[in-house]
Amino acid sequence: MVAGKDVCIFYSKTNGCRYGLECTKAHRIPSRSKVVVIKNMYLYPRNDPESVLSKDAVQIHLDLFYEDWFSEMSVKYGAVRMLAIASNISPQLLGNIYIEFEEERAALRCMEEIGKRYYCGKRIVVELGNCYRISDGVCTDHEKDLCAKGERCGFIHVAKATASLVEELLASQRLLYTQIGSMGKNRPDERNITSQANWVEGSLRDGNRIENYHADRRRLESQENAKRSKRMPTGRMEKHRWSDGSPRSGMNYYRRN
């Protein structure tokens with residue numbers, strides 16, 4: 001922290017400030033935290049002026065992205081308390097993913113490993129969160145549909161994943177860590193990540209929404225491919241996958257170049 005400066009309230013709660021390096025207040029860099037912030041990672045279709053997805057398809061797109069990230073973070077690094085994706089259009093918050101772990105060591109390991117990945121040819125920008133919990137940076141007015149600043153607000157506007165999906169992911173996580181705890185382990189064994197990921201996916205398949213899950217995925221991909229195919233060669237959006245070969249459940253994402 002810079003001596004003699006007041007702390008920037010926005011950066012201290014969201015890891016983002018509209019003024020950036022020009023801010024007259026101090027931007028604190030934490031050395032430990034339970035929160036990880038992955039910056040500008042998700043292009044929310046609702047914020048994409050070129051998006052051709054229907055309202056239902058946008059929700060499916062968000063849900064699939066949320067599920068993929070929650071599952072990978074939980075299985076590979078440790079129990080996730082909360083995951084939030086910012087729907088703001090302000091540059092400092094656009095596409096940010098906020099992950100709150102149960103333990104600091106899980107957050108540190110996540111930051112170190114995610115920071116080695118590349119996406120769209122660029123190294124992923126990831127930081128430890130300044131806030132003690134994600135909810136500290138969430139816009140309370142937006143949660144009540146009262147925010148007058150809209151998506152340009154300096155606090156986090158959370159893109160809402162389907163509530164039943166979030167509940168099922170948390171339930172699957174509890175089952176996973178209960179099983180691991182019964183074997184005397186604190187977190188997933190790295191040697192068994194793949195099998196545990198399959199176990200989590202299997203537990204989700206036992207839920208109520210599985211009968212529609214794969215149909216939703218196919219419908220979304222079909223809708224994207226059919227409507228975007230003519231735009232792809234000259235458009236501003238291109239289809240990408242993880243450059244390190246990480247499994248993304250067969251889902252393609254579109255990012256701005």
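The values are calculated or read from the model by the stated rules, or taken from the named source; none is laboratory data. Since this is a predicted model, take the numbers as computed values, not measurements. We place every Cβ from the backbone using ideal geometry, glycine too, and count neighbours over all the protein chains shown.
Observations on the structure shown:
- Every listed requirement among (1) touching a Cys at 6+ places or on another chain (Cβ under 9 Å); (2) surrounded by fewer than 20 Cβ atoms within 10 Å (Cβ to Cβ); (3) under 20 Å from Arg123 (Cβ atoms) is met by Val36 save one, (2).
- Test result for Tyr98, closer than 22 Å to His142 by Cβ, buried (at least 20 other Cβ atoms within 10 Å of the Cβ) and in contact (Cβ under 8 Å) with a residue 24 or more places away in the chain: yes
- Single residue of Ile85, Ile29, Ile97 found to be farther than 23 Å from Ala163 by Cβ and hydrophobic (A, V, I, L, M, F, W, C): Ile29
- Residue within the range 3-17 that is free of Cβ contacts under 8 Å to residues at least 40 places away in the same chain, loosely packed, with under 14 Cβ neighbours inside 10 Å and small (Gly, Ala, Ser) present: yes
- Filter pass, Ala57 being within 15 Å of Ala161 (Cβ to Cβ) and at pLDDT below 95: yes
- Selection status of Ser90, among the small types (Gly, Ala, Ser) and closer than 19 Å to Gly150 by Cα: yes
- Pairing each residue of the range 173-190 that is closer than 9 Å to Ala79 by Cα with any residue that is of a type in the set (Ser, Thr, Tyr) and modelled with pLDDT of 75 or more, provided the two are 6+ apart or on different chains, yields C-beta distances under 6 Å for Gln173/Ser74.
- Subset of the range 61-84 (residues that are part of a helix (DSSP H, G or I), in contact (Cβ under 8 Å) with a residue 40 or more places away in the chain and surrounded by 21 or more Cβ atoms within 10 Å (Cβ to Cβ)): His61, Leu62, Asp63, Leu64, Phe65, Tyr66, Glu67, Phe70, Ser71, Ser74, Val75
- In summary, Tyr42 fulfils each of the numbered conditions (1) over 28 Å from Arg174 (Cα atoms); (2) modelled with pLDDT under 95; (3) buried (at least 20 other Cβ atoms within 10 Å of the Cβ) with the single exception of condition (1).
- Counting the residues of the range 130-149 that are small (Gly, Ala, Ser) and out of contact with any helix residue (DSSP H, G or I) (no Cβ under 6 Å at 6 or more places or on another chain) gives 2.
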